[in-house]
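The values are calculated or read from the model by the stated rules, or taken from the named source; none is laboratory data. All values reported here derive from a predicted model rather than from experimental measurement. With ideal geometry, Cβ positions are generated from the backbone for all residues, glycine too; neighbour counts draw on all protein chains shown.
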C-alpha cells in the first residue's frame, strides 16, 4: 500500500496585479503546521491545508498523549505514540480529507477548550514514503519502499514504524549508530527493531514492535531534502541559548531524541514551548527558538544535558530564495546615478532598500522600503516575468558602490551587489521611481486594460429591452401572492412578471414620483393601493401619498425605507415594485404618547474608517474580501475620525476598535494612540486577523477631528488596516437635517438641530415593520426640535430627517421578465453573457445549433434576478447551473461564459469596471485566484460536473472577433496536413525535466498526429523563438508548452509574450493551446493581459482555445493531467474539448491543478 504525489514548492504572494516568473519546481514534501481549540464535537473538520495529507500528528497543549494517523491505516483508526497500551483507537483522527482532516470528540484530539497543535505531511515521490507491511518474525528483513516512494534512490534519514496492535511506536535516525532504535517515551535505546536505514528501504529485526508474525505495521520514511528535511546530532554541553544550525532552511517542526533515559521532545514554529509525546504539560528551556538556519535549545536535560548525545530531525516548508536577480545595473549621469534591476523569480518579496557604500559602510538611500512582489498595487505597467525596479540617487557618482537589499515576509534579508555605476552620456529616461511601501494603497494614476465603456449600474446600458408595463390591477391572484411560498419562490414569480426595479446603494428614506414610475412602465390608471414592494422575496411596507382616492396622479409619490448591500460583489440592493391583486403592505403612522420616564441625553454612535485600496491575494480569509487599507510598517498610520455632538456627561466609556491583518509571518506590535493618548498595544503573530477593542474615556475625544495613530514597534513587521471604529456617546442632535440613532422603548426622545419644521421620524428596527412615529415639533434655538417616543419595548433604531434629506433610487428600471428556473427549459449548451455581448453571440448560437446542439443565450442579469434576488454574485450563477442540471427537461452539458472578470468586482480601485461575468475567487495553497470550475463543481470534488469555458472579452469588437473565429473554425477548417500536426515546446530543465515530460506526451500524440518538438535544452533562445514563430504562423492543430512562466509570458527568456500575439499571422489555422505553466490564465488581473486572453483575442491569428492556469502549482500534476487530456481528446469516442478536460481532471490528485486550470474558449469545440 502506498501514497505518493508531487507538489509545488513555491510560496507566493500577490497584490493587485501580478507578474513574476514562477519557477514551478519538482514536488517537495508538503508540510503544514497549525493549531485549533477543542470543542468536544464529533466530525470536526480541520481544513484549508491545501492538499490531502498522508500523515497527521496531533498533540494537546498541556494534556493527553500525541496521536498519529497515516493514509494506510484503515477505517477510523489512530495510533497513540506513547504508552504501555498503545492500541489504535477510534474517535480521534477519523479521516484524512481532500483539504485537511477530521477529528472526533476524544480528548486526545478535541477536548473542550484545550489547544491542539498539529503537523500534516503529504507523501511526495522521492521525499516522503507512507506504507504498510505484515510482520513475519524473520530477522534482518528488508522493507522495500521503492514502490511506496516512487523513487529508485530513496535513502531514508528518518523512519517511524507503528504497529496496528498494542506495541509502542518506534523511530530510527540515520545518524544514530549501530541498530539504535528509540521509542517516544522515557526509555533508553534498543536493538533488534529498525536495524538499519538502507537505499530504498530499511531493515528490521524480530522485536514485536516492528515484526510480530501476522501483525500489520504502518511506516513513514523521510528522505533528507534541501529546504524541507534534515537530520543530525549533537552532544549536550549544558549551555543555555545553544544554536543548532546548518539545516539550510528555517524549520517549522523539530524532533529531538536524547540517547538517555529521557523522553523524545518536539516543537513547532507556532509555539514558544517544548512538547513531549506523553500527557505531561509543555515546558520551556527546551527547544527555545526557531532560527533561519536551525533551532535553539536551552538547558533542559531532554535537549542539552552535558555529555548526552542527541539526535534530531527538522522539517520545513520549501521557501525559495525571495528574489532571483536577472539584471542589476547602475548608470552614472551628469546629475546622479540611476539604479535599475529586474527580477526573474520574485516571490515573498516584502520590499527593497538601496544603499550607497561610504567609507566601507553602507548608507541607506531609500526613506522607506520599496514595495516588492508581496505588495503589487498597480503602479508598474510593464509586467512580464519578474518585476522591474529603479531608484535615482541625485548625488551619486561614478566612483560609488551600491548594494540592494531585499527582505522576505519572514524578515529574512538578502543582499545583491556591490555594483559600480557605468558612465553614460545619454540623457536619463524620465521614468517614475518605484513606489515605497508607505505610499502603497494611495490612489495613483495607472494604465489599465482596454475595456468597454459602460455605465455605472447594470441593466441600464447596452441593448435596450422592451418595457413590460405594470397594467391596471385585476382581481386575479398573482403568482407571488400564493400562500406559503418561500422567498426564493416569490422571487422566481417576480422575475417572470412585469415589474419595476428600484436600485439602492445607500441606506435612507426614498421617494419615487408617479412620473418616474410611469416612464419605467407603470400604468398611470392603476389603483395605487395594490402596489406592492419586495426585497429578498419578502414584502416591504411603503407609503403612497395621494393615493387614497384610488388614483395614482402625477403629483403622487411612493416612499419607503431602503437598505443597501455590502458584499464582495455589489453594494446595490434591488426593490421590486409590482401590481398585486391584494392591498400592499403600508407604513403605519403612530402617535407618540407622553411618558414619565426621564429622557436619555445621548446614545452610542459609531464612526468607521474602512478603506479598500489594497488587494492581497495571499490572505486566507474565507468568504471575506481581500481588500484592505493603509500599511502599518516602516511608517506610522494616522487617520482622522470626525465626531460631533459629544455628550459631556456620558453614562459609560467610549470604545475604539482596531482591526489589523498581518502580512508578514512575524511578531506584530502596534501602539495605538488617540489624540496623543496611548490607548494600548496590539500584539499578535503571523498572517492572522487581529481585532482589539479598547475602552476610551470620552474626555479624550474632541468635537471635530480626532486622530487615531498606529505606530509599529518593529518596522520590518507589516500589517494592513482592515477597519477602525470609534463608538462614543452622542447627543440627540441632527446634522444636516438627518440623524440615525438608537433609543430604548417607552422613553421620550427630543431631537434638536433641524433647520426646517418638516421633521419626520421612522422606526426602522425591522425593515419589514417600519412605522412612522408622529411627534411634537417646536422651535429650538435657531432651528427646530421634535419629541417622539419609541412605544415598543427594547432597543429601537430610528431615523429622523426632513424633506431635504429624502433620497432617490440610483436607478429605476423596467424588469424584462425571465423564467430560467422553469423545468420546461432545456439546452445542451448554456451561454451566460453580459448583455453588451448578447447580439454578438447570434452567429455562434446558430452554428452550434447547426451542429446538433440545443443552445440558449442568457443575460447574466436575469440569473441575478431569479437566483439571488437581483444581487450580483457568483453564487447566483452556481445556483442556477445546479438548478438547471437537476430540473431542466434537457439538462445542460456545456457552459460558456462571455465577458471578462476582475479581482475587483466592486471597482474599489476605480480603475476598470470590467467585471462583466464574475469569476469565483477560491483559496489555493498559495493565493486566492479565479476558478470558473467552482460554478459547476456541484459535488465539491474539484472536478467540474459540466464542461465550462469562458470568452474573456471586454468590448463588442472583441466579442465579434472571437465569435467569428469560432464560427470559421467550425465551418471552414480545411483537412490539410496542418490539421494533423502538433507542436510541443519545452523550457530549460531548471529543477524539472520539461523536455522529458514533453517527449512523454509526444509519444502519446504520435499515434494520432505528426509532432514537432522544440526544447531550450537543445538550442538557444533566439533560435527557438524563431522556430516557434514559424510553427505558430504555419498553423497547428495543437500546441503545448511545458516550462516556467508568468501571466503574460512563456519562460524567463520570453519565448512568447502577450505583446507578441498581435503579430501572429496564422489566420484561420488556429490551434488549441495547452499552457502547462503558472499564471498564464490569471485573466482577472486589472493591469495586464494574460497570455491566454491575448492568444484568444489576437487580431490576425492566435488560438481558438487556450487551457491555462490562474494559479501556482507543481509541474508533476500538470504533466499527468496533460497526458490524460491528450488521451481523452484522441480516444474513442471522439469527445469535445470540454469533456476531455473533465476526464483529465478526474484522474489528477492535486486539487489546485484541478481548480485553477481554466478553459478560455468554447467547451463544445472538437479538434479536427
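Considering only segment 718-749, state which residues are closer than 14 Å to residue 631 by Cα and crowded, with 21+ Cβ neighbours inside 10 Å.
Hits for segment 718-749 are 718, 719, 720, 721, 722, 724.
Applying the selection to segment 379-408, what residues are at pLDDT below 70 and surrounded by fewer than 24 Cβ atoms within 10 Å (Cβ to Cβ)?
Result: 379, 380, 381, 382, 383, 384, 388.
If you check 875, 845, which single one turns out to be out of contact with any strand residue (DSSP E or B) (no Cβ under 6 Å at 6 or more places or on another chain) and in a helix (DSSP H, G or I)?
875
Residues checked against (1) assigned to a helix (DSSP H, G or I); (2) in contact with a helix residue (DSSP H, G or I) (Cβ under 8 Å, 6 or more places away or on another chain); (3) at pLDDT 85 or above; (4) under 23 Å from residue 1027 (Cα atoms):
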| site | (1), (2), (3), (4) |
| --- | --- |
| 970 | yes, yes, yes, no |
| 978 | yes, yes, no, yes |
| 990 | no, no, no, yes |
| 997 | yes, yes, yes, yes |
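Only one of (1) closer than 28 Å to residue 622 by Cα; (2) surrounded by fewer than 16 Cβ atoms within 10 Å (Cβ to Cβ) is not met by residue 687, so which one is it?
Going through (1) closer than 28 Å to residue 622 by Cα; (2) surrounded by fewer than 16 Cβ atoms within 10 Å (Cβ to Cβ) one by one, residue 687 breaks only (2).
Among the residues of segment 131-152, is there at least one that is modelled with pLDDT of 90 or more and closer than 23 Å to residue 252 by Cβ?
There is no residue in segment 131-152 that is modelled with pLDDT of 90 or more and closer than 23 Å to residue 252 by Cβ.
Tell me, please, whether a residue that is touching a strand residue (DSSP E or B) at 6+ places or on another chain (Cβ under 6 Å), closer than 30 Å to residue 368 by Cβ, buried (at least 19 other Cβ atoms within 10 Å of the Cβ) and in contact (Cβ under 8 Å) with a residue 60 or more places away in the chain can be found in segment 577-598.
Checked segment 577-598: no residue is touching a strand residue (DSSP E or B) at 6+ places or on another chain (Cβ under 6 Å), closer than 30 Å to residue 368 by Cβ, buried (at least 19 other Cβ atoms within 10 Å of the Cβ) and in contact (Cβ under 8 Å) with a residue 60 or more places away in the chain.
Kindly provide the set of residues from segment 45-59 that are crowded, with 18+ Cβ neighbours inside 10 Å and at pLDDT 90 or above, ordered by number.
Within segment 45-59, 46, 53, 54, 55, 56, 57, 58, 59 meet the criteria.
Please go through (1) more than 30 Å from residue 628 (Cα to Cα); (2) free of Cβ contacts under 8 Å to residues at least 60 places away in the same chain; (3) surrounded by 14 or more Cβ atoms within 10 Å (Cβ to Cβ) for residue 756 and return the number of the only condition it doesn't satisfy.
(3)
Yes/no per residue for (1) under 19 Å from the mean Cα position of the chain (by Cα); (2) surrounded by fewer than 22 Cβ atoms within 10 Å (Cβ to Cβ):
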site	(1), (2)
864	no, no
867	no, no
875	yes, yes
938	no, yes
942	yes, no
950	no, no
963	no, no
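Being part of a loop (DSSP other than H, G, I, E, B), surrounded by fewer than 22 Cβ atoms within 10 Å (Cβ to Cβ) and touching a helix residue (DSSP H, G or I) at 6+ places or on another chain (Cβ under 7 Å): is that true of residue 165 here?
No: the conditions fail for residue 165.
Quick test for you: out of 672, 658, pick the one residue that is in a strand (DSSP E or B), under 26 Å from the mean Cα position of the chain (by Cα) and surrounded by 15 or more Cβ atoms within 10 Å (Cβ to Cβ).
Checking each option against the conditions leaves just 658.
From the list 778, 762, 788, 857, exactly one residue is free of Cβ contacts under 8 Å to residues at least 60 places away in the same chain, over 30 Å from residue 1138 (Cβ atoms), in a strand (DSSP E or B) and not assigned by TED's automatic domain parsing to the domain that holds residue 498. Which is it?
778
Closer than 24 Å to residue 966 by Cα, assigned by TED's automatic domain parsing to the domain that holds residue 1102 and touching a residue at least 12 places away in the same chain (Cβ under 8 Å): does that describe residue 1037?
Against the criterion (closer than 24 Å to residue 966 by Cα, assigned by TED's automatic domain parsing to the domain that holds residue 1102 and touching a residue at least 12 places away in the same chain (Cβ under 8 Å)), residue 1037 qualifies.
Pairs under 7 Å by beta carbon, first residue on the phi > 0 side of the Ramachandran plot and not assigned by TED's automatic domain parsing to the domain that holds residue 1138 in segment 883-911, partner buried (at least 20 other Cβ atoms within 10 Å of the Cβ) and modelled with pLDDT of 95 or more, six or more apart or different chains?
Every condition considered, the pairs that remain are 899/833; 899/834; 899/837; 899/916; 899/917; 899/953.
Considering each residue of segment 153-162, count those that are in a loop (DSSP other than H, G, I, E, B) and closer than 20 Å to residue 55 by Cα, and give that number.
Qualifying residue count, segment 153-162: 2.
Go through (1) farther than 23 Å from residue 613 by Cα; (2) outside any strand (DSSP E or B) and name the single condition residue 665 misses.
Just one mismatch for residue 665, condition (1).
Hey, any hits in segment 256-271 for a residue that's touching a helix residue (DSSP H, G or I) at 6+ places or on another chain (Cβ under 7 Å) and closer than 27 Å to residue 686 by Cα?
yes
Which of the residues spanning segment 1008-1021 are free of Cβ contacts under 8 Å to residues at least 40 places away in the same chain, part of a loop (DSSP other than H, G, I, E, B) and out of contact with any strand residue (DSSP E or B) (no Cβ under 8 Å at 6 or more places or on another chain)?
Listed by number, the residues that qualify are 1018, 1019, 1020.
Looking at segment 469-493, I want the residues that are on the phi < 0 side of the Ramachandran plot and at pLDDT 65 or above and have a partner that is surrounded by fewer than 17 Cβ atoms within 10 Å (Cβ to Cβ) and in a strand (DSSP E or B) with Cβ atoms under 9 Å, at least 6 apart or on another chain. Which pairs are those?
If the second residue must be surrounded by fewer than 17 Cβ atoms within 10 Å (Cβ to Cβ) and in a strand (DSSP E or B), the pairs left are 487/538; 490/538.
Does any residue of segment 805-812 turn out to be within 30 Å of residue 645 (Cα to Cα), assigned to a strand (DSSP E or B) and not assigned by TED's automatic domain parsing to the domain that holds residue 918?
Within segment 805-812, one or more residues are within 30 Å of residue 645 (Cα to Cα), assigned to a strand (DSSP E or B) and not assigned by TED's automatic domain parsing to the domain that holds residue 918.
Restricting the search to segment 1030-1050, which residues are touching a helix residue (DSSP H, G or I) at 6+ places or on another chain (Cβ under 8 Å) and more than 20 Å from residue 1121 (Cα to Cα)?
Scanning segment 1030-1050 gives 1034, 1035, 1036, 1047, 1048, 1049.
Any residue at all in segment 1038-1051 that's part of a loop (DSSP other than H, G, I, E, B), surrounded by fewer than 24 Cβ atoms within 10 Å (Cβ to Cβ) and at pLDDT below 95?
No, there is no match, as no residue in segment 1038-1051 is part of a loop (DSSP other than H, G, I, E, B), surrounded by fewer than 24 Cβ atoms within 10 Å (Cβ to Cβ) and at pLDDT below 95.
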